[in-house]
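Visitor: Quick one: this structure, given as structure tokens, is what I'll be asking you about.
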Amino acid sequence: FESKRMRSHASLYVPTLEAARKQQLSLLSDLQEAVAQNQLRQFLQPKVSALDGSLRGVEALVRWQHPVRGWLPPNEFVPFAEHTGRIRQITQWMLERAVRTLSTWHAQGLQLSLAVNVSTLDLQDPGLVGRVASLLKEAELPAHLLHLELTESGLMAAGPEPIQVMHSLHELGVKLSIDDFGTGQSSLAYLQMLPVHELKIDRSFVDGVNFDARRQELLGSIVKLGHSLRLTVTAEGVETEAEMAILRNAGCDLVQGYLVAKPMDTPAFEQWREQYRPAASG
Ligand code: C2E
Ligand code: MG
Ligand code: MG
Ligand code: MG
């Protein structure tokens, strides 16, 4: 009985695996075209002051407008792009796009920063620093307007090599942030030597924090930790006024989340920005 059941399972699963493999292969060749055919898009999400709601910066998030599969979120292709080495082209596209947006803002007299998410694989790319430098130079942009976000877990997995690249970027004047903080098990000793200016608390610490006193204390401790390292502390994924109030009381500097705005395509963001009036805080 057992072997029959297993066989029937096998005959059910083999075509599924085959189909999955085919889909991955086609995604790989599609990914090669995504950049060439200009199918990537820059979405923008604001970061605002927890205290008064004023706009303090913006994060760029990649989207792929796939010709057949429609809009794809980064989770559906960024990990894959990292495995296959395609991530560098995506990063380069996002950096060029970000610098173009920053140039527009700069020309309008707006001192608004824009953060690009980079993979730790990018930090192993010896050409990255030079390309960032030349993009900024060509655009005649102050380097401090460009921010790069690196996930804590990626940094921990990468070992010590990326730190040198981070120092080079820091020397250029580019600002660095630790993304998804709290999920990557970094040590205080490690954190202390990173040339970063911002710590972004992962949204898992924020979600529903108002329902749990212990989690509220934990969140407060993370904010204090960030401040003792002299970092700007930003909370991700703020969805409710109750979460916002707790973050404000904890002394969190900046917040991001659906409560303020979802990520939007660039024209929609510009509209949002022109209409945005911070709500007076309590
Ligand atoms: P992340 O950098 O931590 O970005 C925050 C993610 O949370 C975004 O998802 C954003 O849309 C989502 N988010 C923002 N506010 C809220 C909220 O209030 N509630 C909820 N539930 N979600 C919220 P997204 O755009 O799907 O990106 C997922 C991850 O993919 C990013 O996490 C980042 O690690 C990665 N990523 C995005 N763009 C790029 C890129 O250009 N390059 C690389 N290497 N990674 C990217
Ligand atoms: Mg990010
Ligand atoms: Mg994050
Ligand atoms: Mg929630």
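Visitor: Tally Lys and Arg at +1 and Asp and Glu at -1 over the other residues with C-beta under 14 Å from the C-beta of L44: what net charge comes out?
Guide: After counting each charged neighbour, the total is +3.
Visitor: If one computes P(r) from the Cα atoms of segment 12-138, what percent of pairs lie at distances over 27 Å?
Guide: Cα-Cα pairs in segment 12-138 separated by more than 27 Å: 30 percent.
Visitor: Further, regarding this structure: Given a 1.4 Å probe and every protein chain left where it sits, what share in percent of the accessible area of segment 150-229 is carbon and sulfur?
Guide: The nonpolar share, carbon plus sulfur, comes to 53 percent.
Visitor: Could you pull out the pairs from K22/K47; K22/K200; K22/K262; K137/K224; K47/K224 whose alpha carbons sit more than 30 Å apart here?
Guide: K22/K47; K22/K200; K22/K262; K137/K224
Visitor: Further, regarding this structure: With everything on Cα atoms, drop me the angle between helix 266-275 and the longest principal axis of the chain, reported from 0 to 90° to the nearest 10.
Guide: Result, in degrees: 30.
Visitor: By the gyration tensor of its Cα atoms, with a ≥ b ≥ c the square roots of the eigenvalues, what is the shape of segment 193-282: rounded for a/c under 1.5, prolate for a/b over b/c, or oblate?
Guide: Here segment 193-282 falls in the oblate category.
Visitor: Can I ask one more? Residue by residue through segment 239-254, which ³J(HN,Hα) values in whole Hz follow from phi under the Karplus form 6.51 cos²θ - 1.76 cosθ + 1.60 (θ = phi - 60°), with glycine and proline marked x?
Guide: Along segment 239-254, the couplings run 10, 10, 4, 5, 5, 4, 5, 5, 5, 5, 5, 6, x, 4, 7, 10 Hz.
Visitor: Further, regarding this structure: Which residue, chosen from L128, A19, Q37, occupies the Cα position most advanced towards the positive end of the dipole of segment 18-128, where the dipole is computed from +1 (Lys, Arg) and -1 (Asp, Glu) charges on Cβ about the Cα centre?
Guide: Q37
Visitor: Which shape class applies to segment 98-240: rounded if a/c is under 1.5, otherwise prolate when a/b exceeds b/c and oblate if not, where a ≥ b ≥ c are the square roots of the Cα gyration tensor eigenvalues?
Guide: oblate
Visitor: Would you mind telling me which residue in T183, T240, T104 has the biggest mean-square fluctuation in a Gaussian network model of the chain, where springs connect alpha carbons within a distance under 10 angstrom?
Guide: T104
Visitor: Between segment 132-165 and segment 257-276, how many Å separate their Cα centres?
Guide: A separation of 25 Å, based on Cα centres.
Visitor: Still on this model: Based solely on C-alpha atoms, express the radius of gyration and the Dmax of the chain in angstrom.
Guide: In Å, with Rg to one decimal and Dmax whole: 20.8, 75.
Visitor: I need the trypsin sites (Lys or Arg not before Pro) found in segment 220-282, filtered to DSSP loop residues with at most 12 other beta carbons within 10 Å of theirs.
Guide: R230
Visitor: Would you mind checking the tilt of helix 87-107 against the longest principal axis of the Cα atoms of the chain, expressed as 0 to 90 degrees and rounded to 10?
Guide: Computed tilt is about 30 degrees.
Visitor: Right, here's the next one. Could you provide, to the nearest whole Å², the per residue accessible area of segment 204-270 with probe 1.4 Å?
Guide: Per-residue accessible area for segment 204-270 comes out at 49 Å².
Visitor: Next question. Over all alpha-carbon pairs in segment 55-119, figure out the percentage whose distance exceeds 14 Å.
Guide: 63 percent
Visitor: Tell me the relative contact order for segment 116-205 as a rounded percent, counting alpha carbon contacts under 8 Å between residues six or more apart.
Guide: 30 percent
Visitor: For the chain, set up a Gaussian network in which alpha carbons nearer than 10 Å are linked by springs, and say which option among M193, M244, M264 fluctuates the most.
Guide: Of M193, M244, M264, the most mobile in the Gaussian network model is M193.
Visitor: Let me ask something else about it. Could you grab the relative contact order for the chain? Cα pairs under 8 Å, six or more apart, rounded to a whole percent.
Guide: 18 percent
Visitor: Oh, and also: Select from S168, S134, S153 the residue whose mean-square fluctuation is largest in a Gaussian network model of the chain (Cα-Cα springs shorter than 10 Å).
Guide: Result: S134 has the largest fluctuation of those listed.
Visitor: I've got another one for you. By how many degrees, 0 to 90 and rounded to 10, does the Cα axis of helix 2-36 deviate from the longest principal axis of the chain?
Guide: It is inclined by approximately 50 degrees.
The values are calculated or read from the model by the stated rules, or taken from the named source; none is laboratory data. Predicted, not measured: the structure shown is a model, and the values here were computed from it. Note that we place each Cβ from the backbone using ideal geometry, even for glycine, and neighbour counts take in every protein chain shown. Areas reflect the complete protein model, heavy atoms only, side chains present, ligands, DNA and RNA absent. Shrake-Rupley method; radii C 1.70, N 1.55, O 1.52, S 1.80 Å.
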